[in-house]
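Asker: Submitted below is the structure of interest, expressed as structure tokens.
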Amino acid sequence: MARGDAFTDTHIFIAAGTNVDIVPAAGVEVMITVILGHGSALYLRGKDSAGNITGNLEVGTFGGATTPTSDLGQFGIRQTKLFITNSEFINLMASGSDFTCAVFGVQTK
């Protein structure tokens, strides 16, 4: 891959109670621009190469909500700008039921 190339995973299945890391190759930096999906509860977390996981990251408001939420469930499309590397990346966790999602971005380095 080269700078400017698309970074996509169009079908990520996450079984209830499990999680998946979204990690670019070593030496690569990616800006995640869109996360979309279908299911009841998905949580976005930060993670590093040592296995340390943050709490659930808040992702702004959705629909009629007036406060930020950390639950991406039933969100459809979330636009964002998250920079990830091989040592600092994101972790998606399904809670309660299975979740299917997709992640899109652009390689920046």
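The values are calculated or read from the model by the stated rules, or taken from the named source; none is laboratory data. Since we're looking at a predicted model, the values are computed, not measured. Cβ sites come from the backbone with ideal geometry, for glycine too, and all protein chains shown count toward neighbours.
Asker: Do you know which of the residues in the stretch 28-54 that are among the hydrophobic types (A, V, I, L, M, F, W, C), under 27 Å from Ala2 (Cα atoms) and in contact with a strand residue (DSSP E or B) (Cβ under 7 Å, 6 or more places away or on another chain) is surrounded by the most Cβ atoms within 10 Å (Cβ to Cβ)?
Answerer: The first filter runs over the stretch 28-54 and keeps only residues among the hydrophobic types (A, V, I, L, M, F, W, C), leaving 28, 30-32, 34-36, 41-42, 44, 50, 53.
If we keep only those that are under 27 Å from Ala2 (Cα atoms) as well, we get 28, 30-32, 34-36, 44, 50.
So of that shortlist, the ones also in contact with a strand residue (DSSP E or B) (Cβ under 7 Å, 6 or more places away or on another chain) come out as 28, 30-32, 34-36, 44.
Numbers: Val28: 18, Val30: 27, Met31: 15, Ile32: 22, Val34: 13, Ile35: 24, Leu36: 16, Leu44: 23.
Only one residue tops the list, namely Val30.
Asker: For the stretch 1-15, what are the residues that are at pLDDT 90 or above, in a loop (DSSP other than H, G, I, E, B) and among the hydrophobic types (A, V, I, L, M, F, W, C)? So that I can check it myself, show each step before the final result.
Answerer: From the stretch 1-15, those at pLDDT 90 or above are 3-15; that's our starting set.
Filter again for in a loop (DSSP other than H, G, I, E, B), leaving 3-5, 15.
Passing the criteria: only Ala15.
Asker: Could you please find all residues in the stretch 76-109 being assigned to a loop (DSSP other than H, G, I, E, B), at pLDDT below 90, touching a Phe, Trp or Tyr at 6+ places or on another chain (Cβ under 8 Å) and surrounded by fewer than 18 Cβ atoms within 10 Å (Cβ to Cβ)?
Answerer: The one that is assigned to a loop (DSSP other than H, G, I, E, B), at pLDDT below 90, touching a Phe, Trp or Tyr at 6+ places or on another chain (Cβ under 8 Å) and surrounded by fewer than 18 Cβ atoms within 10 Å (Cβ to Cβ): Asp98.
Asker: State which residue pairs qualify: first residue over 13 Å from Leu92 (Cβ atoms) and inside the stretch 26-53, second residue among the β-branched types (Val, Ile, Thr) and in a loop (DSSP other than H, G, I, E, B) in any location, beta carbons under 8 Å apart, and separation of 6 or more residues or different chains.
Answerer: If the second residue must be among the β-branched types (Val, Ile, Thr) and in a loop (DSSP other than H, G, I, E, B), the pairs left are Val28/Thr85; Glu29/Thr85; Glu29/Thr108; Val30/Thr85; Val30/Thr108; Met31/Thr108.
Asker: Something else about it: Residues being within 14 Å of the chain's Cα centre (by Cα) and either aliphatic (A, V, I, L, M) or modelled with pLDDT of 80 or more (or both): count how many of those fall in the stretch 57-75.
Answerer: Final tally of qualifying residues: 3.
Asker: Anything in the stretch 89-106 that is of a type in the set (S, T, N, Q) and in contact with a Ser or Thr (Cβ under 7 Å, 6 or more places away or on another chain)? List them, or say none.
Answerer: Once the filter is applied, which keeps residues that are of a type in the set (S, T, N, Q) and in contact with a Ser or Thr (Cβ under 7 Å, 6 or more places away or on another chain), the stretch 89-106 yields only Ser97.
Asker: Of the numbered conditions (1) outside any loop (DSSP other than H, G, I, E, B); (2) modelled with pLDDT under 85; (3) hydrophobic (A, V, I, L, M, F, W, C), Val34 satisfies every one except a single condition; which is it?
Answerer: (2)
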